[in-house]
1. Here are the criteria: (1) of a type outside the set (Phe, Trp, Tyr); (2) closer than 25 Å to VAL366 by Cα; (3) away from ligand 2 (no atom under 16 Å from the Cβ); (4) open to solvent by 30 Å² or more (accessible area, probe 1.4 Å). Tell me which single one ARG452 does not satisfy.
2. Where residues in the range 213-256 are more than 20 Å from ALA390 (Cβ to Cβ) and over 23 Å from the mean Cα position of the chain (by Cα), which of them is nearest to ligand 1 (Cβ to nearest atom)?
3. Can you tell me which residue in the range 28-72 is surrounded by the most Cβ atoms within 10 Å (Cβ to Cβ), limited to those that are over 30 Å from ASN136 (Cα atoms) and touching an Asp or Glu at 6+ places or on another chain (Cβ under 7 Å)?
4. Exactly one condition in (1) modelled with pLDDT of 95 or more; (2) open to solvent by 60 Å² or more (accessible area, probe 1.4 Å); (3) among the charged types (D, E, K, R) is false for GLU477; which is it?
5. Yes or no: ASP385 modelled with pLDDT of 95 or more, out of contact with any Asp or Glu (no Cβ under 8 Å at 6 or more places or on another chain), more than 16 Å from ligand 2 (Cβ to nearest atom) and farther than 18 Å from ASP252 by Cα?
6. For the range 287-343, which positions are acidic (Asp, Glu) and touching a Lys or Arg at 6+ places or on another chain (Cβ under 7 Å)?
7. When you go through (1) near ligand 1 (Cβ under 9 Å from one of its atoms); (2) farther than 19 Å from GLU354 by Cβ; (3) out of contact with any Asp or Glu (no Cβ under 8 Å at 6 or more places or on another chain); (4) not aromatic (Phe, Trp, Tyr) one by one for ILE402, which number turns out not to apply?
Amino acid sequence: MSARTKIKALLESGKTDIDVTVKGWVRTFRNNQFIALNDGSTNSNLQIVVDFENTDPALLKRITTGAALSVSGRLVESLGKGQSVDVKATSIEILGDSDPEKYPLQPKKHSLEFLREIAHLRFRTNTFGAIFRVRNTLSFAVHTFFQERGFVYLHTPVITASDAEGAGETFHVTNFDLANPPKTETGEVDFKQDFFGRATNLTVSGQLEGELGAMALSDIYTFGPTFRAENSNTTRHLAEFWMIEPEMAFYDAKDNADLAEALLKYVISYVLDKNKEDLEFLSQRLLDEEKQKPQNERSEMTLLEKLQFCLNNDFERLTYTEAIDILKESTPNKKKKFQYLVEGWGTDLQSEHERYLVEKHFKKPVILTDYPKEIKSFYMRQNDDGKTVAAMDILFPGIGEIVGGSQREERLDKLEQRMDEIGIPKEELWWYLDTRRFGGCPHSGFGLGFERLVLFVTGMGNIRDVIPFPRFPKNAEF
Ligand code: 4AD
Ligand code: MG
């Protein structure tokens with residue numbers, strides 16, 4: 001294969017009057033003369049100028065939208081508008097034909113819903129090219145942030161026998177013939193005979209195992225897929241999503257919040273720097289989309305302004321109790337505009353409440369702390385008031401909850417007492433409790449939902465559009 005230059009490198013080189021070979025897919029072919037070629041390295045197409053009078057008409061016919069080409073030619077300054085350079089083709093090879101009658105992606109605007117149905121091809125659109133390059137940069141930025149701070153990347157298991165959140169919304173993993181599983185004498189499914197000798201499921205969180213690592217390595221993080229069988233058909237939920245879960249020994253709740261805020265700012269700043277062109281494109285896409293909406297539903301800031309705003313402002317920090325007071329007195333609550341009215345202390349916040357706080361009241365990211373223990377997980381550290389735990393949720397504009405975390409309960413007696421109250425079997429989590437028996441220490445951690453981060457940064461409206469192949473109820477295509 002001849003040496004091939006990626007279009008991004010070629011456009012950035014600033015060179016002209018050199019011979020090049022480029023490879024990519026045809027976006028459009030105009031006047032039998034101008035090919036817009038894209039190879040995914042950048043949002044920009046490269047214009048190929050074809051000497052059509054001296055090109056075999058049979059070859060010209062095969063230059064169709066979607067076809068894969070190898071083009072060699074001279075890189076020259078462009079005479080046309082809209083691009084700085086062209087390639088004057090001296091040879092064109094069709095690597096893969098694309099029947100224009102059958103190719104689903106026409107050079108026009110397709111709806112996001114339609115593109116979801118052809119998720120195997122949607123990478124070839126400007127929007128999805130930009131989204132997945134941004135997603136790539138964000139994941140690299142996450143690793144860079146933690147690696148620069150001496151955190152150890154820990155791979156926690158995907159298959160587990162524990163349900164970290166105690167929510168019970170797990171996918172079972174089994175080797176049984178489902179029509180005919182072995183039964184015990186009392187007629188229950190006998191998991192002792194299953195592959196792992198016990199009932200197992202896909203992980204809902206790597207946190208508990210992450211804590212074990214932190215009790216020796218000090219600072220660890222996980223970054224992997226997690227699975228939840230909640231039947232939530234929303235624009236914010238997936239059945240398979242990626243989560244980043246750092247866990248830090250000797251961190252208290254404030255250290256935890258500081259780290260989360262620093263992480264979010266770091267990765268946003270990183271991607272603003274590395275993917276400027278993609279984010280400018282996505283910002284413009286959002287502006288165009290919002291033109292269809294009535295004025296009062298449009299965003300006050302462009303996507304780029306919103307990202308910049310996040311970097312330049314401290315996140316608002318307040319307790320759950322303070323938030324409830326604000327919500328109780330809020331106009332939508334008094335005018336009964338909320339679907340769930342906020343009446344008293346103790347109830348969980350709905351996403352309409354979270355969004356009111358972030359988008360209407362504070363107009364910036366919010367870190368909510370110290371929730372009632374009844375609505376949070378057993379492992380969160382109990383506060384002295386006997387009512388609340390050292391929990392933290394970070395709420396983002398347009399997203400709602402993006403981070404959930406807490407200081408962990410390191411006191412064995414308190415932890416066991418809470419597990420008893422909730423009915424979590426202690427013998428199953430003997431290994432977790434061991435860290436409290438042997439050299440336990442104050443520690444904290446949180447989980448950042450990666451797709452919610454990508455959603456925020458790209459300005460997209462549906463979480464199914466920021467993961468290559470989304471998994472949600474009644475769908476596991478591709
Ligand atoms: O708040 P969650 O459930 O917290 C935990 O799992 C803790 N074990 C984390 C920890 O302390 N180590 O989930 C954490 C984040 C949420 O804030 C949200 O961003 C994301 O994960 N998330 C989802 N994202 C997409 N689809 C879903 N179904 C999600 N459920 C949670
Ligand atoms: Mg949560």
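1. (3)
2. GLY213
3. Of all residues in the range 28-72, those over 30 Å from ASN136 (Cα atoms) come to 30-34, 49-63.
Among the residues that remain, those that are also touching an Asp or Glu at 6+ places or on another chain (Cβ under 7 Å) are: 49, 62.
Numbers: VAL49: 18, ARG62: 15.
In this case the residue turns out to be VAL49.
4. (1)
5. Working: modelled with pLDDT of 95 or more: yes; out of contact with any Asp or Glu (no Cβ under 8 Å at 6 or more places or on another chain): yes; more than 16 Å from ligand 2 (Cβ to nearest atom): yes; farther than 18 Å from ASP252 by Cα: no.
So ASP385 does not fit the description; no.
6. Of all residues in the range 287-343, those acidic (Asp, Glu) come to 288-290, 297, 300, 305, 314, 316, 322, 325, 329, 343.
Those that are acidic (Asp, Glu) and touching a Lys or Arg at 6+ places or on another chain (Cβ under 7 Å): GLU290, GLU316.
7. It fails just one condition, (2).
Residue-wise test of (1) assigned to a helix (DSSP H, G or I); (2) open to solvent by 20 Å² or more (accessible area, probe 1.4 Å); (3) without any contact (Cβ under 8 Å) to a residue 60 or more places away in the chain.
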site	(1), (2), (3)
GLU261	yes, no, no
LEU264	yes, no, no
ASP278	yes, no, no
LEU287	yes, yes, yes
ASP314	no, yes, yes
THR321	yes, yes, no
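The values are calculated or read from the model by the stated rules, or taken from the named source; none is laboratory data. None of these values were measured; they are calculated from a predicted model. Note: ideal-geometry Cβ built from the backbone for every residue, glycine included; neighbour counts use all protein chains shown. When the accessible area is computed, the model is the full protein with side chains, heavy atoms only, and any ligands, DNA or RNA have been set aside. Shrake-Rupley method; radii C 1.70, N 1.55, O 1.52, S 1.80 Å.
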